[in-house]
1. Got a sec? How would A:152, B:4 order by Cβ neighbour count within 10 Å, fewest to most?
2. Please arrange A:559, A:85 by counting, for each residue, the other beta carbons lying within 10 Å of its beta carbon, fewest first.
3. Express in nm, to one decimal, how much length is gained between residue A:200 and residue A:540 on full extension, taking 0.36 nm for each residue of separation and deducting their alpha carbon distance.
4. Set the Förster radius R0 to 51 Å, insert the Cβ-Cβ distance between residue A:671 and residue A:433 as r into 1/(1 + (r/R0)^6), and round the FRET efficiency to 0.05.
5. Return the sequence-ordered ³J(HN,Hα) values of region B:45-53 in whole Hz as given by the Karplus equation 6.51 cos²θ - 1.76 cosθ + 1.60 applied to θ = phi - 60°, using x for Gly and Pro.
6. Using R₀ = 56 Å, calculate the FRET efficiency as 1/(1 + (r/R₀)^6) where r is the Cβ-Cβ separation of residue A:263 and residue B:146; round to 0.05.
7. For region A:227-232, take each phi angle, set θ = phi - 60°, evaluate the Karplus expression 6.51 cos²θ - 1.76 cosθ + 1.60, and give the result in whole Hz per residue in order, putting x for glycine and proline.
8. Give the shape of region A:190-284 as rounded, prolate or oblate, defined through the alpha-carbon gyration tensor: a ≥ b ≥ c are the square roots of its eigenvalues, a/c under 1.5 means rounded, and otherwise the shape is prolate if a/b is larger than b/c and oblate if not.
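Just so it is clear, none of the values below were taken in a lab; they were calculated from the coordinates. Treat the numbers as computed from the prediction; the structure is a model and nothing was measured. Here the Cβ positions follow ideal geometry from the backbone for every residue, glycine too, while neighbour counts run over all protein chains shown.
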Amino acid sequence: MNPAASCSHCLLPVGRLGQQREVNGEPHAFCCYGCCLAYQVHHGEREEPQAALLLIRIGAGAFLAMNIMLFTLLMYSGTFGAADDAAVHLVHWVLWILASALMAVLGGPFIAGAWRAALAGQVTSDTLVSVGSLAAYGYSAWQVWSGSGAVYFDTVTMVLLLFTLGRYLEALGRVRAARSLAPMLAAERAEVRVMGESGEALRPVCEVGPGALVRILPGERIAVDGVVLEGRSECDESVLTGQAQPQAKAPGLHVHAGSLNGAGQLLVRASAAGGATRWVQMSRRVREALARKSLLGQTVDRLAAVFVPAVLLLAAGVLWYWSARAPFDEALLTALAVLVVACPCSLGLAAPLSTTLGIGLAAQRGILLRSGGVLEKLARIKAIALDKTGTLTEGRPQVLQVAAHGATESEVLAHAASLASASGHPLARAIAAAGRAASAGVAREVQAIPGAGLTGRACGRPAALGSAAFMTAQSWQMPADWPASPEGCTLVYAGWEGRVRGRIALSDRLLPDAAALVRALRERGLPLLLLSGDREAAVARAATALGIAAWRSELMPEDKVGALRDWTRRHGPTAMVGDGLNDGPVLAAAEVGIAVGGAADLARESADVVLPERASRQLPWVLHLAAHVRASIRANLAWALGYNVVALTLAACGLLQPIFAAGLMAGSSLVVVGRSLNARRGVEATAPPAAAAVESVAAG
Amino acid sequence: MLEYLLISLAGLAGSMHCVGMCGGFACILGRDRRGRAATLARHLTYNLGRVTTYCFLGAAAGALGVMMSGGVTGLAQRTLAAGSGLLMLYFGLQFLGLWRDAARSVPGPGGEALAGALRQLVRAPGVGAPLALGALNGFLPCPLVYAFLAQAVASGGSLPGVLVMAAFGLGTFPAMLAMGGVGLWLRRGAERGGVVVVSASAGALLARPDWRQMSVRIAGGFIVLLGVITLARGVLPMDAHLHGL
């Protein structure tokens with residue numbers, strides 16, 4: 001089975017010990033027995049016999065268990081007097097029969113799990129339960145057979161029942177942790193109402209091609225990118241943009257896959273293949289993030305892998321030690337208590353639950369995290385480097401002035417726009433937009449030199465567009481007498497046939513949230529560095545306006561990496577926030593690379609965190625989330641380790657009854673689950689206002 | 001013996017209260033395709049599961065009582081009896097209509113989840129399903145069960161505890177079986193097309209509000225009576241003339 005397949009219940013990757021089951025006639029993969037159980041309980045509405053099978057297992061197990069407990073209680077309370085030896089013996093036989101059925105009904109799945117793990121050369125918590133319950137059952141059966149009195153079927157019963165219930169509750173917890181991820185992970189499995197010649201049909205989203213007519217019902221999640229043909233509605237695009245305000249949709253406007261339709265019905269013509277939308281890409285990325293183990297998670301896994309065999313050894317040691325000093329049945333019960341009180345689940349659950357929760361909460365605001373490990377790294381960073389363009393400024397500079405030298409202004413604009421329309425750089429886009437009127441067409445043979453400029457054939461001539469340094473490097477002839485440019489503008493030069501013939505002045509405004517962002521980051525005590533490939537004057541102006549003391553300007557991508565390394569040496573691990581093609585290398589070089597949406601594809605590939613377009617204001621919240629997740633994991637790990645040490649010691653000393661031990665074990669898992677889920681409340685309480693609004697919309 | 005009879009009667013009258021929740025399960029548990037005997041077996045299995053849960057709870061409550069009081073006699077036992085009696089009076093008076101809130105108590109989030117899960121068991125075929133349904137059904141929150149569990153705590157042992165709850169469970173048997181029968185009748189009626197008439201008359205028979213209210217009050221009366229007896233055991237002098245009970 002493919003370990004990267006996601007569990008039908010909790011949506012997490014199933015891992016190597018996943019199980020394949022058929023539910024309602026469809027194949028499903030589950031990561032654990034608990035998830036399988038919980039899925040059946042919640043999705044068994046259809047009248048398929050398999051649906052309720054596992055629930056029947058619990059119910060029938062409970063029936064048997066209650067009978068066993070009832071007879072045991074009666075026996076312990078002395079209902080059968082000392083004279084009733086025959087009656088007591090009869091009750092023992094009844095208990096044996098009931099317990100045998102119970103072993104099959106409730107013990108079966110654990111033994112099967114232990115067997116699967118054993119075949120894979122592993123020992124898991126299933127192994128602990130199986131070994132423990134089989135030993136107690138076998139010993140009691142032998143006692144009944146030999147006519148002796150010490151039977152412990154009630155212990156076996158309660159251990160199995162508590163473990164089954166514990167598994168079920170754990171799975172419920174997992175689902176709650178992953179619930180916020182559901183809209184993300186649903187992307188590839190979504191179904192679309194396609195209007196065809198033969199009427200309307202439900203089709204998987206990946207089979208929908210551009211041009212298909214799709215009907216979207218009120219309240220439905222839109223699964224395709226497209227243009228509205230009919231109908232009016234308001235769409236919640238927070239998953240994509242992090243913005244809570246619903247966007248009005250009317251005929252002619254674009255809808256985006258992943259957004260949630262409001263009260264109106266829409267008829268949409270798909271503009272891209274269903275499998276190629278940003279939503280599907282984000283979904284794939286979230287899935288990958290979940291599959292990647294965090295550093296702490298890997299450490300914990302290694303610990304858990306040693307932990308279970310160690311517990312088995314400890315139990316064997318306890319049995320050997322006590323059997324020499326106490327009756328054998330007491331030694332056996334002590335060893336059983338050791339086996340069942342150990343809780344590798346709480347160790348194993350601590351990290352994944354919290355990181356899943358973190359990834360999910362971020363995804364709800366349109367923020368993508370590459371892995372759970374990113375959250376750990378983010379919690380550790382000591383400084384932040386920011387790119388100016390697109391991060392602190394609009395990232396959409398406007399052309400303010402075109403100066404020509406030996407050509408007309410429209411000629412300059414036509415050549416420049418022709419080259420620029422081949423690039424995704426913000427400056428290039430602004431120039432392309434400004435030159436659209438000149439309708440020059442797209443240049444051919446375009447080559448981009450990141451952070452410097454473009455060359456190619458525009459209007460049939462070899463042309464170039466870029467910074468003064470770039471033009472000089474190309475050894476193009478540069479006129480010296482340009483008219484004065486507006487203050488703080490970015491200057492881009494355009495030329496053709498070996499000579500610079502025009503200068504375009506562009507200016508970029510600060511984002512409205514930039515000042516607040518800088519203030520929030522400074523309040524967290526993080527030293528800030530502004531890095532830009534832009535001109536010194538423009539960068540200085542922005543840095544002064546925002547109150548950032550450290551800034552570097554006119555940097556090539558490699559220089560940015562160097563500046564970042566310097567900053568890291570001085571202040572410790574640094575996160576780089578950037579945007580645009582020329583930030584790719586520096587994002588990759590940073591401890592954590594944070595790309596602000598709309599970033600060119602290379603930047604996204606090398607980024608660990610992707611924020612939605614113009615949403616750099618969410619950065620402090622992400623840092624807060626990371627700190628919260630790390631604190632939650634640490635507290636849970638400390639709790640789980642402390643619990644195991646104390647409980648194992650008590651059990652090994654013979655101070656714990658196995659039934660209490662099993663109860664403690666189930667309780668400790670629940671505590672970890674509960675604590676992890678509670679962490680969510682802590683994060684949401686401090687969510688930024690926009691994100692808080694998303695929550696209330698979702699809750700409503 | 002009289003006490004157990006009273007409990008059964010309280011169960012019988014009180015089971016009209018069950019019609020609302022548990023009755024729904026019994027009603028849709030339906031018919032077995034293999035015939036009338038199999039159908040009866042299905043409903044008996046369901047009720048067996050339910051009563052087993054009650055008995056288990058009774059045994060546990062009885063054992064808990066002994067653990068708390070340390071024996072069948074003595075001051076601790078008398079205090080326990082008085083406490084249980086008061087608790088029973090509280091539940092009984094609710095059924096009588098003096099406090100309306102708790103008798104109408106809807107299941108909490110846990111109970112709702114349990115009820116939701118049970119709904120899926122109802123339609124599953126096989127012997128296991130009705131058994132599991134019954135066994136889990138017994139755990140649904142119910143003030144009637146609480147009242148008798150209070151009595152079981154004061155009953156002075158596991159066996160008397162089991163007997164209290166068994167008597168109660170047997171008392172609820174007829175109504176629950178009848179609900180199953182009505183369910184079948186309704187379905188047959190539906191097959192013949194006489195849905196409206198049949199369901200109306202069946203509904204009138206077992207679920208008429210005034211009938212239900214009256215029988216619930218009768219149950220409340222029994223519980224109050226039993227509560228008074230239990231309370232008396234704790235409060236009155238040892239030699240009071242309650243040996244017959």
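1. Ranked by crowding around the Cβ, least crowded first: B:4, A:152.
2. With the sparsest Cβ surroundings first, the list reads A:85, A:559.
3. 116.5 nm
4. With R0 = 51 Å, the Cβ-Cβ based efficiency is 0.35.
5. 4, 4, 5, 4, x, 4, 5, 4, 4
6. 0.80
7. With the stated coefficients, region A:227-232 comes to 10, 6, 9, 9, x, 10 Hz.
8. Cα axes put region A:190-284 in the oblate bin.
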